[in-house]
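First comes the structure, then the notes that go with it.
A short reminder: the numbers here are calculations on the coordinates, not readings from a lab. Bear in mind the structure is a predicted one, so any value in this text is a computation, not a measurement. Reconstructed Cβ throughout: ideal geometry from the backbone, glycine too, with neighbour counts over all protein chains shown.
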Amino acid sequence: MTLALGLTLHGAALQRAALAESRWAQGVFPVSRFVGYTSQFGQRNGSGGQPETHTGLDIAAPLGSAVRSWWSGRVQAVLNNSSCGVGLVIRSGDYEHTYCHLGGRTVSGEYRSGAVRLRAGSSVRGGQTIGHVGISGRSSGPHLHWAVSWRGRWLNPGHILRAMVAARQR
Ligand SMILES: [Zn+2]
C-alpha cells in the first residue's frame with residue numbers, strides 16, 4: 001500500500017494537520033518491551049563533546065526484545081557498519097524507516113536473528129517482528145535507534161509517535 005500522507009511534520013500548522021490524520025493509527029510502536037527514551041531526535045553532544053545531529057529516537061529495551069516494523073513495506077537495505085551496527089531500512093511509500101543496533105547477524109546480505117530472515121526486497125507487514133534489540137554498532141547499551149525520513153528528510157520520530165497516539169484516541 002502507499003501512504004497518501006504527504007506531510008513532513010515541520011511547522012505548527014502542518015503538525016496539527018498531521019496529528020489529526022487518522023491514518024497514523026496504523027503505525028506500530030517499534031519495540032515490544034519499552035524501557036524508556038534515552039536520546040531524542042535533534043541536536044546533542046557527541047561522545048567527544050562536539051555537537052552532532054541525532055537523526056532518530058533511541059528507545060531502550062531489554063536485550064533480545066522483538067523489534068517490529070512501524071509500517072508495512074519492503075526492505076530497502078540490510079546494514080552492517082560501525083555506527084548503525086546491524087540494521088534495516090524499510091521503505092513504505094515516500095517514507096523510509098531505519099532500525100539500528102540490532103542483535104543477530106548478516107550473512108551474504110541477509111539479516112538473521114532467531115527465526116527472522118530478511119534481505120533487500122523482502123516485504124514486511126506493519127507490526128511484523130523484523131529483528132531483535134541488540135548492542136551492535138555505536139551503542140553503549142541495548143536500545144533501538146529508530147529513524148524515519150520522508151522523501152529524504154529526517155522527521156522527528158517523537159512527533160510520529162504522538163500522531164499515532166492521537167489517531168487512536170479519535
Ligand atoms: Zn540513536
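Working from Cα pairs under 8 Å separated by at least six residues, relative contact order for the chain is 29 percent. Over all Cα atoms in the chain, the spread is summed up by Rg and Dmax: 15.3, 46 Å. For HIS97, neighbours were defined as the other residues whose beta-carbon sits under 12 Å from its Cβ, and their charges (Lys and Arg +1, Asp and Glu -1) total +1. As a check on your grasp of the helix formula, calculate [θ] at 222 nm for the chain: sum -39500 (n - 2.57) over DSSP H runs of n ≥ 4, divide by the residue count, round to the nearest 500. It lands at -3500 deg cm²/dmol. GNM on the chain, alpha-carbon springs under 10 angstrom: the most fluctuating residue among TYR37, TYR111, TYR99 is TYR37.
Using the Cβ of GLN43 as centre and a radius below 15 Å, the other residues enclosed give a net charge of -1, where K and R count +1 and D and E count -1. With the Kirkwood sum run over all distinct C-alpha pairs, region 63-135 has a hydrodynamic radius of 11.7 Å. With Cα atoms defining each centre, region 127-158 and region 56-103 are spaced 5 Å apart in the structure. Taking a Cβ cut-off of under 14 Å around PRO142, the surrounding Lys, Arg, Asp and Glu residues balance to a net charge of +1, with basic ones at +1 and acidic ones at -1.
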